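Working notes, structure below.
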């Protein structure tokens with residue numbers, strides 16, 4: 001009989017944040033395969049300052065325990081309190097329900113959650129699998145947070161690495177992330193690379209470019225649209241895009257569309273306004289059930305990552321773009337995770353951050369050869385279907401859990 005699995009992450013269904021959606025997909029799929037699955041999460045919804053979900057319920061065969069969470073999470077103090085409450089109470093609940101041989105799969109929200117759970121695994125005789133969505137405190141260093149660079153940062157890194165060394169297996173979401181873990185002293189054969197996925201069953205390629213949405217967003221039917229969908233965060237780099245858009249401001253047939261939000265999106269909109277650019281459109285987040293139509297508005301999609309974040313974060317939104325059958329324009333390090341994925345497959349192009357002229361040339365080439373751009377979109381969907389769907393991810397997780405079950409049997 002498969003070992004019981006306990007997932008830990010601060011958000012879970014009905015929350016719709018990225019980490020919650022990925023975890024919900026996997027937990028539900030494993031439960032459907034006959035696994036005993038439990039999730040320990042918070043009572044909050046991402047981005048909401050108030051409101052609490054039920055303490056305990058079962059959804060789609062998954063048992064959900066929600067730990068004590070502050071009723072008000074307004075402001076920086078409220079957010080810090082929410083982090084600390086989860087860091088304190090989630091390990092306590094895990095220690096209470098875990099048994100010898102239980103598999104603890106620990107995500108990275110909040111950061112360093114694997115540290116207390118390593119102790120829980122040791123005390124309860126459980127198996128620890130950190131599921132790394134990012135690497136802290138290195139991400140904090142890349143953000144420029146000074147305290148993460150000094151003795152406190154070294155202490156946190158040491159604690160994190162200790163928890164990884166005590167883990168039975170480690171899941172990284174990209175090869176470059178796995179390389180960084182190896183450099184921390186972890187044997188490569190203990191690391192499984194399982195990329196995140198998209199809602200690829202519901203996001204499908206559409207033949208057109210959603211003319212109704214385009215009309216509502218003041219985009220001409222025949223325009224070439226370079227789109228972005230989702231939250232624009234601090235790890236993304238948009239100066240290169242602004243430089244290219246400025247160079248192309250006289251090309252009335254080229255439009256830059258941003259669908260979503262985030263602090264950096266507001267900054268970008270302010271910069272666009274200050275530069276007097278009229279070739280940008282900004283639209284709000286779209287419902288999940290309309291993602292196919294929303295993603296289809298773009299002929300191609302722009303995705304970026306600042307060089308200092310390579311190996312620390314993987315822009316998993318690429319899989320949604322591939323599911324929609326659209327070409328990818330990656331502004332990343334040439335040897336970064338995204339270029340390694342899309343360029344060999346013919347699914348898009350890559351440009352180094354800071355090279356606005358090269359990006360402008362790439363956009364013009366795609367705009368002027370729509371047949372080539374559409375072929376890249378088809379290649380993107382073929383890339384996804386060939387190894388990066390939700391079903392492929394489930395298969396990799398089942399293989400990993402089978403290996404861990406073998407480790408349990410040998411103990």
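No lab work stands behind these numbers, since they all come straight from the coordinates. What you are looking at is a predicted structure, and each value in this text was computed from that prediction instead of being measured. Don't worry about glycine lacking a Cβ; one is built from the backbone with ideal geometry, like all the others, and counts go over all protein chains shown.
Could you tell me how many degrees, from 0 to 90 and to the nearest 10, lie between the Cα long axis of helix 114-124 and the main elongation axis, the longest principal axis, of the Cα atoms of the chain? Around 30 degrees separate the two axes.
From its DSSP helices (H runs of at least four residues, each -39,500 (n - 2.57)), the chain gives a residue-normalised ellipticity at 222 nm of -13000 deg cm²/dmol. Within the chain, DSSP assigns beta bridges of which about 10% are antiparallel (rounded to the nearest 5).
When the chain is treated as a Gaussian network with alpha carbon springs shorter than 10 Å, the biggest mean-square fluctuation among 123, 225, 259 belongs to 123.
For the chain, what is the relative contact order in percent, using Cα pairs closer than 8 Å and at least 6 residues apart in sequence? Reported relative contact order: 13 percent.
Shape verdict for the stretch 211-386, please, from the Cα gyration tensor: rounded (a/c under 1.5), prolate (a/b greater than b/c) or oblate. It is rounded, given that a/c, with a ≥ b ≥ c, falls under 1.5. Extending 7 Å from Cα along the Cβ direction at residue 49 and again at residue 343 yields two label points whose distance is 4.5 nm. Considering only 273, 239, 385, the Gaussian network model of the chain with Cα springs below 10 Å gives its largest mean-square fluctuation to 273. As a calculated quantity, the FRET efficiency between residue 385 and residue 122 at R0 = 51 Å, using C-beta atoms, amounts to about 0.80.
I'm a student and want to see the number: the projected area of the Cα convex hull of the chain, averaged over all directions, in nm². Kindly include the intermediate steps, with their values, before the conclusion.
Working: hull surface 78.5 nm².
That works out to 19.6 nm², a quarter of the Cα hull's surface.
Quick one: order 285, 65, 83, 12 by neighbouring beta-carbon count within 10 Å, fewest to most. Show your work: numbers first, answer last.
Values: 285 14, 65 20, 83 17, 12 25.
Placing the least packed residue first, the sequence is 285, 83, 65, 12.
With an a/c value of 1.5 or above and a/b not larger than b/c for the gyration tensor axes a ≥ b ≥ c computed over the alpha-carbon atoms, the stretch 222-294 is described as oblate.
When only C-alpha pairs under 8 Å and at least 6 residues apart count, what is the relative contact order of the stretch 1-100, in percent? That works out to 24 percent. Computed from Cα atoms, the angle from the helix 356-368 axis to the main principal axis of the chain rounds to 70 degrees.
May I ask what percent, to the nearest 5, of DSSP beta bridges between residues of the stretch 16-161 are antiparallel? It would help to have the intermediate numbers written out before the result.
Details: 5 of 13 bridges.
DSSP beta bridges in the stretch 16-161 are roughly 40 percent antiparallel.
The GNM of the chain, with springs linking C-alpha atoms under 10 angstrom apart, assigns the highest mean-square fluctuation among 41, 58, 246 to 58.
Can you give the FRET efficiency to the nearest 0.05 for residue 189 and residue 263, using r as the Cβ-Cβ distance and R₀ = 56 Å?
On the way: r = 40 Å, r/R0 = 0.71.
So the FRET efficiency works out to roughly 0.90.
For the stretch 211-386, the relative contact order comes to 24 percent (Cα pairs under 8 Å, sequence separation of at least 6). Here the stretch 131-158 and the stretch 45-109 have alpha carbon centers that stand 23 Å from each other. Separation of the stretch 317-389 and the stretch 245-272 by C-alpha centroid, Å? Result: 19 Å between the Cα centres. Assign one of three labels to the stretch 39-175, namely rounded, prolate or oblate, based on the Cα gyration tensor with a ≥ b ≥ c the square roots of its eigenvalues; rounded applies when a/c is under 1.5, prolate when it is not and a/b is larger than b/c, and oblate otherwise. The shape class here is oblate.
A Förster distance of 51 Å, applied to the separation of the beta-carbon atoms of residue 370 and residue 68, puts the FRET efficiency at 0.40. Using just the C-alpha positions of the stretch 268-310 as equal point scatterers, what log10 of I(q)/I(0) does the Debye formula give at each q in 0.21 1/Å? Values returned for q = 0.21 Å⁻¹ are -0.95. Here the extension length gained between residue 202 and residue 175 equals 7.0 nm, from 0.36 nm per residue of separation less the Cα-Cα distance.
Arrange the following residues from fewest to most other Cβ atoms within 10 Å of their Cβ: 251, 372. Mind dumping the intermediate values first?
Details: 251 17, 372 13.
The order, fewest Cβ neighbours first, is 372, 251.
Relative to the longest principal axis of the Cα atoms of the chain, the long axis of helix 75-97 makes an angle of roughly 40 degrees.
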